[in-house]
1. Do we have residue 97 as surrounded by 13 or more Cβ atoms within 10 Å (Cβ to Cβ) and in a loop (DSSP other than H, G, I, E, B) here?
2. If you go through the range 31-50 one residue at a time, how many are surrounded by 10 or more Cβ atoms within 10 Å (Cβ to Cβ) and either out of contact with any helix residue (DSSP H, G or I) (no Cβ under 8 Å at 6 or more places or on another chain) or on the phi < 0 side of the Ramachandran plot (or both)?
3. Could you tell me which numbered condition residue 91 fails, if it satisfies all but one of (1) surrounded by fewer than 15 Cβ atoms within 10 Å (Cβ to Cβ); (2) within 14 Å of residue 127 (Cβ to Cβ)?
């Protein structure tokens, strides 16, 4: 037994030094090369400060709606829902989101609603929606703002973020940046 305790204590100390010190310094160093030194992209619009890497709540008809959040868009407590796809409370919540979306988007069929508009992400703070999710909202926004659908479609196309290295992940759109560009349309 004594022959096992000493190596276990040594391994514990080595892991503590590595993971609490060295690893943390490496991650901190890598973050210094990212935008805003790892603090995320800060956007200031009309005197308000936003972080483009954290979802914002948009519910007005004149804006593209964000993905629902399991944490009410509170970045202090990032988390997803632990309710499974057969949970009756979860199903009722998703159905309520679908019903709300259909009321605000007449002419859209239930089958046309992308899942990212009615289900929260794993973090509850995903700032992106799919291109399909933006396109399904196009008519509502055009009508609400009195802008042609072609102008809004062009705005959507110009805000598409390509997959990482052209192959990792789907195309996506940052909702905050899209809505700011929408507000800046003349």
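The values are calculated or read from the model by the stated rules, or taken from the named source; none is laboratory data. Keep in mind that what you see is a predicted model, and the values were worked out from it rather than measured. Glycine also receives a Cβ, built like all others from the backbone with ideal geometry; neighbour counts cover every protein chain displayed.
1. Values: surrounded by 13 or more Cβ atoms within 10 Å (Cβ to Cβ): yes; in a loop (DSSP other than H, G, I, E, B): no.
No; evaluated as a whole, the condition is false for this residue.
2. Of all residues in the range 31-50, those surrounded by 10 or more Cβ atoms within 10 Å (Cβ to Cβ) come to 31, 34-43, 45, 50.
Imposing the further condition that a residue be either out of contact with any helix residue (DSSP H, G or I) (no Cβ under 8 Å at 6 or more places or on another chain) or on the phi < 0 side of the Ramachandran plot (or both) reduces the set to 31, 34-36, 39-43, 45, 50.
Residues in the range 31-50 being surrounded by 10 or more Cβ atoms within 10 Å (Cβ to Cβ) and either out of contact with any helix residue (DSSP H, G or I) (no Cβ under 8 Å at 6 or more places or on another chain) or on the phi < 0 side of the Ramachandran plot (or both): 11 in total.
3. (2) is the only condition that residue 91 fails.
Okay, residues lined up against (1) more than 30 Å from residue 136 (Cβ to Cβ); (2) at pLDDT 85 or above:
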residue	(1), (2)
25	yes, yes
30	yes, yes
34	yes, no
37	yes, no
43	no, no
46	no, no
60	no, yes
74	no, no
77	no, no
